[in-house]
Structure formats: structure tokens, C-alpha cells
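**Q** Quick one: the structure is below, and I'll ask about it shortly.
Where a number appears in this text, it was derived from the coordinates with a stated rule and is not lab data. On a predicted model such as this, the values are computed, not experimentally measured, just so you know. Cβ coordinates were reconstructed from backbone atoms using ideal geometry, including for glycine residues, and neighbour counts include every protein chain displayed.
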Amino acid sequence: MYWIWQFIVEHRNVASLTFTVLLSLFMISAGEQKQQNIARTLTLSIFSPAQLAVGSFYQFHNILDENKELREKIVRIELENARIRKKLNAVSGADEISADVSQIYGVISADIVAREPSFFYRTAIIDVGANQGIKNLMPVISTDGVVGKVISVLPFTSQIQMIYAPEEYVSVEHEKSGTMGILSSKSDGTLFADVRSITIIEIGDTLTTTGLGGIYPAGLTVGVTQKIDIVKGGEISKRIYINPVVNFEKLRKVYVIKSEPKWEAIRDEIIQFDENKKDGIN
């Protein structure tokens with residue numbers, strides 16, 4: 001029996017042609033009912049594996065879509081819980097988040113699939129892109145706080161930049177006093193901000209986004225104060241060092257806020273204003 005299978009495999013072209021000719025002759029001589037039965041059997045035998053594969057693919061695709069929807073629902077619930085906790089812990093007169101950003105803008109869940117190939121990475125690649133509605137400069141968060149922003153978009157992937165990148169600047173405010181500053185970063189990733197020297201700030205105080213700058217919505221947690229420079233006489237500002245609430249080393253899942261830059265619509269006017277200023281036009 002083995003030699004028959006070996007012969008068919010070695011001469012499969014001749015065997016296929018012979019089988020086809022014999023089957024055709026048999027079909028011609030057979031009755032109509034038998035022809036239908038043979039055709040049905042051949043169809044099921046040939047196309048069933050393909051149909052099974054296609055069905056499995058669509059089923060798998062549907063599972064992935066459902067998984068993404070569930071993850072987005074989870075982050076909305078987690079953000080809502082964080083907002084409720086914030087209200088419960090808020091002191092009298094403290095600013096509160098007016099509404100949950102997930103309810104206002106919506107979020108798109110994503111996984112980090114690659115990181116900048118360096119010990120201290122500043123950018124990463126996520127598994128969603130233009131086909132999922134991602135646009136350049138959309139803010140990126142985790143369930144803990146601000147991660148960064150989108151800086152490059154392809155159809156199925158996007159590149160994000162972390163808030164501790166030297167070229168990244170974020171408008172932040174001290175949660176208790178409302179004093180504002182610009183979050184900056186040193187080359188080693190240390191985050192800091194300069195605020196008014198008369199501001200009363202303690203170690204462990206929270207800083208959030210102000211909503212200014214047009215990228216990050218207001219009220220997103222950025223970090224907590226870790227160190228405060230001693231103010232010398234006559235200085236009008238002091239530097240506070242900030243520990244981010246996001247653990248970037250363990251960061252694997254992020255959420256892109258579907259919010260487009262607010263200053264995009266007036267960008268041309270700002271550019272024209274700067275050019276007129278340089279030319280001395282009032």
C-alpha cells in the first residue's frame with residue numbers, strides 16, 4: 001500500500017490528470033442523482049477546510065474587537081473611580097476634575113509593542129494607528145496618569161513620546177494652590193517645574209495638567225513633588241522636582257485620548273502674527 005501512495009506523490013501531476021479524467025467519465029455515465037451526490041461530496045471535501053479557516057479567522061478577529069471594547073470600558077470605569085476617589089479625598093477649595101475625560105473625548109486602548117532601543121527610552125511604538133482613529137499629538141495616558149503624546153502615525157501603529165523627553169513641555173499646576181508651571185526634563189529624565197517662590201508646596205503634593213497648551217486635557221495626574229529647592233533671598237521662583245505617577249519601566253498598556261490639539265485651528269494665525277512681528281508690522 002505504501003508504494004501506491006509513494007507513486008502518487010512522486011507522479012502527482014499524472015495522478016491528478018488520471019483521476020480527473022476517470023471522474024469525468026464516471027460523471028458522464030452516472031445518473032443525475034448520483035452526479036449531484038458526487039458533486040456535493042467533492043464540494044464539501046475540497047472547500048470545507050477553506051471555509052473552516054475563514055470562519056476561524058473572522059471569529060478570532062471578532063474576539064480581538066470585543067477584547068479592545070472591553071479594555072476601553074475598563075479604563076473608563078477606572079478613570080471614573082479615580083475621579084470619585086479624587087472628590088472623596090479633596091480638601092475644601094481644591095480644584096477638581098470637572099468631568100471624566102473618557103466621557104468627553106473617549107479613549108482607544110493600545111499595547112506597547114516596541115520601545116526605543118536604549119537603556120533610557122523616550123519613545124515607544126503602540127499597536128494602533130490611523131486606521132483606528134489615531135492622530136498626531138493626541139495625548140496618551142495610563143490608568144495612573146499622563147504618559148506622553150503621539151508624535152508619528154502609520155496605518156496600524158503609532159509612535160509615542162514620553163513626558164520626560166527633553167523636548168517635551170507640559171503645562172502643570174499644583175493641585176492645592178493652583179500655581180502653574182511648565183514641566184520640563186533634564187537629560188537623565190528628571191522632571192522639574194519652576195513655580196512662584198511664595199507658593200506653599202510640600203513633598204508628596206500632586207501636580208496635574210492645566211489644559212493649557214492645547215494637547216493635554218485639564219486635570220490629568222502628572223506626578224508628585226519629590227524635592228523642593230531652597231529659595232534664596234530675592235528669588236521669585238523655586239524649582240520643584242517631580243516623581244511621575246506612571247512606572248514607565250513596567251508600562252505595557254496605554255490609552256490614547258481622542259482629543260485633537262486645540263491650537264491646530266489657529267496655528268496659521270499664530271505663524272502669521274510671528275512673521276508680522278519680525279517684520280515690524282503692528
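**Q** Can you name the residue in region 227-250 that is within 20 Å of ARG122 (Cβ to Cβ) and not in a loop (DSSP other than H, G, I, E, B) and, of all such residues, is farthest from the chain's Cα centre (by Cα)?
**A** TYR241
**Q** Would you confirm whether or not region 197-205 contains a residue that is in a strand (DSSP E or B) and in contact (Cβ under 8 Å) with a residue 24 or more places away in the chain?
**A** Within region 197-205 (the criterion being in a strand (DSSP E or B) and in contact (Cβ under 8 Å) with a residue 24 or more places away in the chain), the answer is no, since none of the residues qualifies.
**Q** A further question on this structure: Restricting to region 106-124, name every residue that is part of a strand (DSSP E or B) and either farther than 28 Å from SER187 by Cα or within 9 Å of the chain's Cα centre (by Cα) (or both). Step through it out loud before you land on a result.
**A** Looking only at region 106-124, we keep the residues that are part of a strand (DSSP E or B), and these are 107-115, 123-124.
If the condition is that a residue be part of a strand (DSSP E or B) and either farther than 28 Å from SER187 by Cα or within 9 Å of the chain's Cα centre (by Cα) (or both), then VAL107, ILE108, SER109, ALA110, ASP111, ILE112 are the ones that fit.
Each row is one residue, and each column tells you yes or no for (1) surrounded by 15 or more Cβ atoms within 10 Å (Cβ to Cβ); (2) more than 20 Å from ASN247 (Cα to Cα).
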{"position": "ALA165", "(1), (2)": "yes, no"}
{"position": "LYS176", "(1), (2)": "yes, yes"}
{"position": "SER185", "(1), (2)": "yes, no"}
{"position": "VAL195", "(1), (2)": "yes, yes"}
{"position": "GLU202", "(1), (2)": "no, yes"}
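**Q** Name the residue that is surrounded by the most Cβ atoms within 10 Å (Cβ to Cβ), counting only residues in region 152-163 that are in contact with a Ser or Thr (Cβ under 9 Å, 6 or more places away or on another chain) and within 17 Å of VAL107 (Cα to Cα).
**A** Across region 152-163, the extreme among qualifying residues is SER158.
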